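The values are calculated or read from the model by the stated rules, or taken from the named source; none is laboratory data. All of these numbers come straight from a predicted model, not from anything done at the bench. Virtual Cβ from ideal backbone geometry, glycine too; neighbours counted across all protein chains shown. Areas reflect the complete protein model, heavy atoms only, side chains present, ligands, DNA and RNA absent. Shrake-Rupley method; radii C 1.70, N 1.55, O 1.52, S 1.80 Å.
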Amino acid sequence: MTEQEAVIREPRFTIAKRTSIVWWKAWLIRLCAIVLALICSGVVSYLITRDNPLSIYAVMLDGAFGTKRRIWGLMQNLAMLLCVSIAVTPAFKMRFWNIGAEGQVLVGGLASAACMILFGETLPNAVLLLVMFITSIAAGAVWAVIPAVFRARWRTNETLFTLMMNYIAIQLVAFFVYKWSVPKGSGQVGVINRASRAGWLPAIGNNDYLLNILIVFLVTAIMYVYLRYSKHGFEISVVGESENTARYIGIPVQKVILRTMLISGAISGLAGLLLVAGTDHTISRDTAAGRGFTAIMVSWLAKFDPVFMILTSFLIVFLEKGATEISTAFALNESFSDIITGIIIFFIIGCEFFIQYTVKFKKKEAE
Amino acid sequence: MREEVQREVPAIRLEGITKRFGNVTANDHVSLHVDHGQILSILGENGSGKTTLMNMISGIYFPDEGQIFVDGREVVIRSPKDAFRYKIGMIHQHFKLVDVFSAAENIILGLEEKGKYNIKQYTQRIRELCEQYGFDLDPSRKVYEMSVSEKQTVEIIKALYRGADILILDEPTAVLTPQETEKLFDILRRMRDDGKAIIIITHKLHEVLSLSDRVSVLCKGKYAGTVNTGETNEAELTEMMVGKKVSLNIERSKVKDSKPRLMVTGLSCCDPEGTKILKDITFTANSGEILGIAGIAGSGQRELLEAIAGLQEVEGEITYIQPKTGEKENLRGKTPLQIRDLGVRLSFVPEDRLGMGMVGNMDLVDNVMLRSYSKGKSAFLDRSDSRELTDKLIRELEIVTPSVATPVRRLSGGNVQKVLVGREIAAAPTVLMAAYPVRGLDINASFTIYRLLNQQKENGTAVIFVGEDLDVLLALSDRIMVISSGRISGIVDARSASKEEIGLLMTRNVKEKEEGGEEQ
Amino acid sequence: MWADFLQRAIMQGIPLLYGSTGEIMTEKSGNLNLGIPGIMYVGGIGGVIGAFLYEQNTAVLNPFLAVFLPLMCSILASLLMGLIYCFLTVSLRANQNVTGLALTTFGVGIGNFFGGSLAKLAGSDVPSINLTATSNYFRQSLPFAKDLGWFGQIFLSHGFLTYLAIAIALGCSFVLTKTRVGLYLRAVGENPATADAAGISVGTYKYLATCIGSVIAGLGGLSYVMDYANGVWSNDGFGDRGWLAIALVIFAVWRPNLSILGSILFGGLYIIHNYIPDLDVSGQELFKMIPYLVTIVFLVVTSIGRKREAQPPASLGLPYFREER
C-alpha cells in the first residue's frame, strides 16, 4: 500500500534550471516556436477565411513584399518599431520597466508638430528642423525622466508610473489636436504645411522614408556600441544586475537611472519626430499606434540586444503587414493582425522556458 | 518517561540521499536517522550541504536519489505540505514569515483546518501554547515590528501548532544572544522529553556537545559518520568535519612600524526602520596590522564596514591618514567614488559576495573590471588590463574556472571568493576590509585567503578582518575588537587573549542592558 | 443635475470597478496582469458574440437565455484569456509584463476583429452589431425606481450587472480579509517562498486568483457593452478604460471595497467635463487626464509615505520557482 502510494505520488517530472545551453540549440528551440506559431496562426486564419492555408501564407508574403511600395512600407514600419525598441532597451537592461514609451513618443511627436505649426512660416527650414530635433528629443526625455526621478528618490513603482504617463500624453495630444484642428472642430489636424513642406524631413532621392530608415539604423548601431563597449553601458548592466554591487563599487545609482531614462526618453522623442516629420506629417492620438507597447515585446524577445532587435521587429512588422493583407483580401477587420501578432508572441515567450530550463521526466519503474 | 515514547523504529531515516544542482553535488549519498525523544545534531562546515539535506526532508527540494522513511515507512516528500502530513516541521535559518501579517496569521498559514476562519479563536490557542512552553509572544503583533528572536519564536510555535513530531532547526542560534540560546535549548530539551525527534543544524561544537544526544557529521556533502555525544570530544568532531586533523597553523609576523591609518570616532548609524545599529564606535586601525572584529552575527559588523566604505549614512567621524604626507581626510558622508577620488585606496571584501561584491551573471573579466572600469578619460571600456589581471589571478590563486568568459555565479564559493579578494588586493590598498572572507570555503581556500591577508599586513596595509571563528581570529589578528549589540565591548591583544575572554565580551553589553531592565 | 451626474458617474464607474476588482484579486497573488485591458475587450466581445448568435437564430427572445448566454460566453472567453496568462507566467515562468502586454494586444485585436467582422463571418447581412433587445434585458431596473425621485435615479435605476459588481467587490474584500483562502492568497502575493514552505500551493493560488480575476474583469467589458453602450459595439469604443482600471487598483490601495468608491470617483472624473459649462472639446480632453494625474499623485504619495499596508504586494511582478537558488 505504502509503496504503491509512493510510486503514484512521485512527481512525474522535475524542472531544473540549465546552467548553459549551446547557442544552436537555443536558436533551434526559437525556430521551432516560430514555426509552430506560424502553423497555429495558419489554422486560425483557415478557420476564419476557409481558404487554403498555403495560399494564406502566400497572401501574407504578398502583403509584406508584394510590391516595391510595400517593401518600402515594411522597411519604414520596421524602422519605426525598431527605433522605439532601441529606446526602451537601455531602461530594461537596467531593470527599469519603462512601459511609457508610447507617451514619450507622443510628446516627442507633439513637440515636432508644434514647431511645424508655430514656426512653419517664420523660420528657415534648416533652422526649423534643428529646433524640431531639439524640442522633440527634449520632450521625450522630460517625459521619461519624471518617473525616473521618483523611482530613484523614493522607489515609486516605475511600471505603474510610466503606464499612467502614457495616458496623460495621449490626452495632452488630444487637447492640442482639437486646438489645431483643420477645419476648426473637425478633431483632425490634417497634413501640416502641405504646400510649403516646412519641417518635413527631406526625401533622399525619390524615397520619402530613406532618411528615417538611415537615422534609425544609425541609432541602432550607436546603441549597440553604447551598451556593449561604453562605460555607461557597463554601469547600466551593473545597476540592472545588482544595485547593491553598483553602490559598492561607487556607481552613482540614482544618476545612472536618471541618465539612462533620459537617453531612453530622448530616443523615444526622436521616434516621435520621425513619425510626425518624416512619415505622417500630422499628429493624432494614434501617432504612436501602440508601438510603445509592441516595442517592449520586441526588445524583450531580442534579449535586449540591438542587433537581434532588427530581426524581432522585422518578424512583428512582417506579421502585421501580412495579416493586414489577409484582412483586406477577405474583407475582414484589420485587427486580425493583432491576433496573429499575439499568437506569435505567446509562442516565443513560451519557448524561452525550454531554453532556460530542462524538464526531466521520471521513468516509471515497474515493480 | 523517555523510555515510554521511544519506539523501535527511528522517527526519520534517510537512505542514500543525493542532490545535485547543475554540476555541483550538494549531497552525495547521505544516510542518517533520528529516534523519537532524541536530539540529533547535524554538524558540518558552511557549505557542507546541511541545509540542502534538511530542505529535502521538509519538501523544499526533491532528492535526485535516495529514500526517506518516517516511522519505518517509505515516504515521498514532494512539497512542504507532504512534510507537514508526516509531522515534520522545519525552522529555517532565514525565517519564512510574511512581514505584513500578524504572528497569529503567520502561524495558521497553510493549515488545512475545517470550520470557520476565526482569528480570535486561533489567537487564544496560540496564547495557550505560549503559556505551556513559556514563550513570550503577542500573537496580534505584525512581524515587521518584531525582533529576530521574536520571529524565531513565531517559527517554532508555527511548527508546534501543527503538532510537529520531527522538528528541524537550521542554525537557530546564529542570531541569538547566549541568554536566548539557553532559553531555546531548555525548550528543545522539554520537547525531546515529550518524545519529539529534533534535528539541529549547527557548526558550533560546544552547542553540539551541550545539547544533543547524537551527532551526524557532513563533510563536503558527504556523510562522515554518526557518534554519540557522550563518547566524543571537540577534537574528534573537528576531524570528522574537516576530513583531516587541522591545527590552525597561521604564521603571524610581528607588527612593524605601525602608524594610525584610519580613525573612527563616535560612529553611530541607524537601519531604515530607525533602530540604532551602531552606537558610539571609536577605534583606530593601524598600518601593518590585522585588526580582527568579533561578535555575534548581526551585531553591527556589516554596518560598520559599510559605513567606512561610504555605503551608510552615519554620525561621527571617520578620518583617514594619508600614508605618505600624513594629511588627514574626512571620509564621513562621502560616497565610494568621492573616497576614491581623494586618493584613499580602500578595498572592501563584503560579506555578500555575489549580491554586493560581484555580479553573478557577468564573467570573470567584467567582474575584475568592476573596480577599475572608470579609469581613464575615454568613454569606452578597456578590457585588456582586466583580462591580464584575471589571467594573473587565475594563475597565482589557482582559481578553477572553465574560462575567463564564464559567469562567476557558476564558480564554486571558494573560487568566487578568490576572484573577489584577488581583485580587491590588486588595487594595492592602504586599508583592506574583509567581512567573513572564508565563510563557506574549504580549508585550502581559507588558507589562501589568510596568506593573502598576512601579505597585505606585511606590505603595510591596515587590515580589518571580520570573522566568526574565534580560533582563526585569535591566530590571525594582532588586535581583536569585540562588538556587542552595536557597541564596542572591548579591544584586546590577540596574542594574549583567550577564547573565553572574547566570548564573554561578545555578550557583555547585552547582559548589562537586561539586568537594567529587570531592576525597573 | 447632481442626481443625473451621479447616476452617470456610477454607470461609467462600473466597468472600471469590475476591472479593478479583477486586477486586485490577480495582483494579490503576485501577478501583475497588464493584459486586463485586453481581457475586458474579450469579455465584452464574448458577450456580444453570444447575444448576436442568439438574436440571429431565435425569433422570440427568452429573457433568461438572453441574459444567460451572453453572460456565459463572456465568462468563458475571459477565463480562456486568464488561462493563457497563467500558463505562460506561472507554468512557463515568462515575464509578466511582456506576457500581459501581448495579451492586451491579442485581446484588443480579438475584440475589434470580431466587432468588425462578426456579421460577415456569421453570414448575416446586418450592417452593424446592434443588440438593443438583449441590452434591454440587461438594463432592466427595478420597476418602482422612477417613482423614487433622485434616490431612485442614483441608486436604483441600474441594471443587475451594476449591483453584481458591487456585490463582487464586497465579496472579494470579505474573502481577502476575513477568510482563510484570502489569507493564503495574500501570503502568496507577499512572499511565495513562505507560502510554499507553509504548504500552500503557490501555483494553484496564482492560477485560481488570476483566472477568477480575469473573469471578473471580463464582466466589466460585458457591462460596458450591455449597460453603458446599449448593446451597440463600436470598435475601440471601450477605449482606455482597462488601463484606468489598473490605475484604480493603485488608487484603492489594493482594497476592493475602496475600489467601489474609487470607481464612482473615476467615473465622475471621466465625465465631469460634460457638466462644466462653456467647455470646448479640447478642454474636455484635458479633463479626461485627471484620473491618471490623481493616480500618479497617489502613487507618489504612498511611496513617499512608505506605510506598509499601502504598498503593492511585495512580490508583485516576480516569478516564483521553488528550486531557484
I'd like the accessible area for B:Arg252: 1.4 Å probe, protein heavy atoms, all chains in place, Å² to the nearest 10. 80 Å²
Excluding ligands, DNA and RNA, the carbon-plus-sulfur percentage of the accessible area of chain B with a 1.4 Å probe reads 46 percent
Rg in Å to one decimal, and Dmax rounded to a whole Å, for the stretch A:88-305 via C-alpha atoms: 17.9, 60
Counting partner chain Cβ atoms within 10 Å of every residue's Cβ in A:247-257, what's the average? 5
Mean other chain Cβ within 10 Å across A:291-297 is 4
Where in the stretch A:45-84 are there chymotrypsin sites (Phe, Trp or Tyr not before Pro) that are in a DSSP coil and have at most 13 other Cβ atoms within 10 angstrom of their Cβ? none
Kindly provide the helix-only [θ] at 222 nm of chain A, computed as the sum of -39,500 (n - 2.57) over DSSP H runs of four or more divided by all residues, to the nearest 500 deg cm²/dmol? -24500 deg cm²/dmol
Rounded to whole Hz and in sequence order, give me ³J(HN,Hα) for the stretch A:115-129 from the Karplus expression 6.51 cos²θ - 1.76 cosθ + 1.60, θ = phi - 60°, writing x for Gly and Pro. 4, 4, 6, 6, 10, x, 9, 9, 8, x, 4, 5, 5, 4, 4
Give the range of the longest stretch in chain B that excludes all GluC sites (Glu not before Pro) found in loop regions by DSSP and having at most 15 other beta-carbon atoms within 10 Å. B:114-250
Give the residue list of trypsin sites (Lys or Arg not before Pro) in the stretch B:361-467 that are DSSP loop and have at most 14 other beta-carbon atoms within 10 angstrom. B:Lys375, B:Lys377
Heavy-atom accessible area with a 1.4 angstrom probe orders A:Asp305, B:Asp442, most exposed first, as B:Asp442, A:Asp305
List the trypsin sites (Lys or Arg not before Pro) within the stretch B:259-350 that DSSP assigns to loop and that have no more than 12 neighbouring Cβ atoms inside 10 Å. B:Lys324
Correct semi-axes for the protein assembly as shown, from √(5λ) of the alpha-carbon gyration tensor and rounded to whole Å with the largest first, are 57, 39, 29
Projected onto the charge dipole of the protein assembly as shown (+1 at Lys/Arg Cβ, -1 at Asp/Glu Cβ, origin at the Cα centre), which of A:Tyr209, C:Gly203, B:Ile157 gives the Cα projection farthest towards the positive end? A:Tyr209
Note to self: with every protein chain in place and a 1.4 Å probe, the stretch A:88-305 gives an accessible area per residue in Å² of 36 Å²
For the stretch B:334-373 versus the stretch A:214-243, the gap between their alpha-carbon centres in whole angstrom: 21 Å
Return an integer: the convex hull volume of the alpha-carbon atoms of chain B, in Å³ per residue. 174 Å³
Per residue of B:334-341, what is the mean number of Cβ atoms on other protein chains within 10 angstrom of that residue's Cβ? 3
Specify the longest stretch of chain C that does not include any exposed loop site, a site being one of the GluC sites (Glu not before Pro) with a non-H, G, I, E, B DSSP assignment and at most 15 other Cβ atoms within 10 Å. C:1-322
Hey, could you grab the Kirkwood Rh for the stretch A:266-367? Inverse mean 1/r over distinct alpha carbon pairs, Å, one decimal. 16.3 Å
Placing +1 at every Lys and Arg Cβ and -1 at every Asp and Glu Cβ, with all other atoms neutral, what dipole size does the protein assembly as shown have around its Cα centre, in debye to the nearest 20? 1980 debye
In deg cm²/dmol, rounded to the nearest 500, the helical mean residue ellipticity at 222 nm of chain C, built from -39500 (n - 2.57) for every DSSP H run of length 4 or more, is -22000 deg cm²/dmol
For a quick check, take a GNM of chain C with Cα springs below 10 Å and name the residue from C:Val126, C:Val297, C:Val253 with the largest mean-square fluctuation. C:Val126
What percent do you get for the relative contact order of the stretch A:88-305 when only Cα pairs under 8 Å and 6+ apart count? 41 percent
Quick one: 3J(HN,Hα) in Hz for the stretch B:441-448, Karplus 6.51/-1.76/1.60 with θ = phi - 60°, rounded, Gly and Pro as x. 9, 6, 4, 4, 5, 4, 5, 4
Can you work out the FRET efficiency for the pair B:Leu209 and B:Arg20, with r the C-beta to C-beta distance and R0 = 35 Å, to the nearest 0.05? 0.60
Note down the magnitude of the dipole of chain B about its Cα centre, charges +1 on Lys and Arg C-beta and -1 on Asp and Glu C-beta and zero elsewhere, to the nearest 20 debye. 1340 debye
So the FRET efficiency between A:Thr67 and C:Ser124, C-beta based with R0 = 41 Å and rounded to 0.05, is 0.75
Run the quick spin-label model on B:Asn444 and C:Leu170: label points 7 Å from Cα toward the beta carbon, then report their separation in nm to one decimal. 7.2 nm
Give me the summed buried accessible area for the B-A pair, 1.4 Å probe, to the nearest 100 Å². 3000 Å²
Where the centroid of each part is defined by its Cα atoms, how far is the stretch B:38-73 from the stretch B:405-469 in Å? 31 Å
Between rounded, prolate and oblate, where does the stretch B:86-155 land on the alpha carbon gyration tensor, with a ≥ b ≥ c its root eigenvalues, rounded for a/c under 1.5, else prolate if a/b exceeds b/c? rounded
Which distance in Å, rounded to a whole number, links the C-alpha centroids of the stretch A:45-123 and the stretch B:114-130? 59 Å
Kirkwood-based Rg to Rh ratio, chain C, C-alpha trace: 0.99
With label points set 7 Å from each Cα along the Cα-to-Cβ direction at C:Arg308 and C:Thr177, the distance between them in nm comes to 1.8 nm
